[in-house]
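What follows is one structure encoded as structure tokens, with my remarks underneath.
The values are calculated or read from the model by the stated rules, or taken from the named source; none is laboratory data. Given the structure is predicted, the values throughout are model-derived calculations rather than measurements. Here the Cβ positions follow ideal geometry from the backbone for every residue, glycine too, while neighbour counts run over all protein chains shown.
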Amino acid sequence: MAAAGAAAAAAIWFTTGWLLDTTGHEIDRDPGASGADRARVRVEAVRTGLAAGAGAGAAVGLMLAFRRQAHTEYDAAERRVTELYNAAAEQLASDKAPVRLTALYTLERLANDNPRHRQTIVNIICAYLRMPYIPPADQPADDRQRQAARRYRAARTGLVLVPEPPPSVPDPHEEREVRLTAQRILHTHLQSDADVPWTGITLDLTHATLIDFALNNCTVRSASFDGAIFEGTASFHGATFENSTSFHGATFKRPANFGGATFESPARFGGATFEHFASFKGATFERLAFFGSATFEKLVFFDEATFKRPANFGGATFGRLAFFDDATFEELAFFHGATFEDFASFKGTTFKSPASFDEAIFKSPPSFDGTRGIARD
């Protein structure tokens with residue numbers, strides 16, 4: 001109202017002054033004009049100024065009302081979204097798997113429709129995956145057979161089986177399905193060709209337990225998998241990590257595939273353990289690639305990988321075959337103190353800067369056939 005009043009006053013002042021000045025000059029140049037004529041002109045000028053002021057005040061009032069309405073609607077929508085994802089976050093704590101699944105699908109829809117809230121919703125999903133979880137062990141066959149026989153005898157004799165008390169914690173098999181759903185939601189929307197791509201997302205899965213985790217062909221702004229445990233396969237084939245990415249101390253219990261992945265910022269795998277085979281074939285490391293003290297228990301491939309900045313494998317342990325064939329090291333390749341328990345191949349590898357193998361242990365003769373540049377100091 002104050003703004004409308006100010007606009008009206010300004011319009012009255014400006015319009016009245018301009019009319020008085022203009023018509024006053026005209027009436028003054030008219031030698032036949034009487035005093036009554038001059039008074040009539042001044043009254044008309046004031047009347048016109050008042051009309052202009054009323055119109056300006058009404059226009060400003062309408063504008064302010066529209067802005068208030070828009071802000072009110074925006075605030076109401078924001079509150080509604082916040083209420084919905086807070087409710088979904090609470091549902092994730094339910095001991096019933098269908099409720100948790102419903103919460104995840106609700107969060108997915110909210111993220112699709114509200115880009116401003118996507119990172120917050122991804123944070124909620126990541127927080128859920130970081131919660132402690134022990135994957136279910138396969139039930140022994142003899143246990144299943146005994147339970148089936150018990151049900152059969154009960155059906156034959158008419159015995160009513162006493163149901164076992166419900167578990168006090170979520171069923172691990174059901175929880176596995178809920179977690180797989182959470183992972184699939186991330187995988188689906190972090191791909192650039194997704195129906196609704198989620199861009200510019202940061203993942204914090206520190207110490208998470210992940211099952212058959214996949215980010216194939218996904219783009220992530222930054223990610224932390226420090227201390228994460230990958231149960232089942234871990235596949236990052238063709239993924240792009242735009243900012244810092246860390247797998248420090250992570251454990252890969254099944255095959256890990258980083259083939260064709262691109263790390264545009266430092267990639268840290270220090271102290272990571274690969275219990276099964278690992279592939280970094282054709283991966284591109286734009287910045288530091290740190291594998292210090294990493295352990296590769298099985299076969300590992302770095303063939304055709306490109307290291308554009310220093311690559312540090314100091315103190316790493318290669319338990320089985322290690323292939324760096326046709327890899328390119330554009331800056332320092334550091335293998336100081338690394339241990340190669342089996343055959344290591346650097347066939348056709350290009351070293352554009354010094355490569356340090358000081359105190360490295362090769363328990364089988366390595367191959368440097370066709371190596372280009374300085375093979376080792």
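Descriptive notes on the structure:
- Some residue of the range 213-228 being surrounded by fewer than 21 Cβ atoms within 10 Å (Cβ to Cβ), touching a helix residue (DSSP H, G or I) at 6+ places or on another chain (Cβ under 8 Å) and either at pLDDT 95 or above or of a type outside the set (K, R) (or both): yes
- Qualifying residue in the range 298-312 (condition: under 19 Å from S356 (Cα atoms), under 24 Å from the mean Cα position of the chain (by Cα) and assigned by TED's automatic domain parsing to the domain that holds V220): no
- Test for L288: is it farther than 25 Å from A223 by Cα, of a type in the set (A, V, I, L, M) and surrounded by fewer than 24 Cβ atoms within 10 Å (Cβ to Cβ): no
- Within the range 255-276, being in a loop (DSSP other than H, G, I, E, B) and either touching a Lys or Arg at 6+ places or on another chain (Cβ under 8 Å) or not assigned by TED's automatic domain parsing to the domain that holds A327 (or both) holds for G259, G260, E264, S265, P266, E275, H276.
- When the range 324-333 is filtered for residues that are surrounded by fewer than 24 Cβ atoms within 10 Å (Cβ to Cβ) and either part of a strand (DSSP E or B) or under 31 Å from the mean Cα position of the chain (by Cα) (or both), the ones remaining, listed by number, are T328, E330, E331.
- Within the range 167-178, residues that are under 15 Å from L92 (Cβ atoms) reach partners that are assigned to a helix (DSSP H, G or I) and at pLDDT 85 or above with beta carbons closer than 6 Å, at six or more positions or on different chains, in the pairs E174/A97; V178/A97; V178/R100; V178/L101.
- Filtered residue count, the range 201-220, keeping only those that are at positive phi and of a type outside the set (S, T, N, Q): 2
- Unmet criterion (only one of (1) in contact with a helix residue (DSSP H, G or I) (Cβ under 9 Å, 6 or more places away or on another chain); (2) at pLDDT below 60) for R156: (1)
- Positions within the range 189-203 being surrounded by fewer than 17 Cβ atoms within 10 Å (Cβ to Cβ) and in a strand (DSSP E or B), in sequence order: T202
- Some residue of the range 315-330 being in contact (Cβ under 8 Å) with a residue 24 or more places away in the chain and under 22 Å from S224 (Cα atoms): yes
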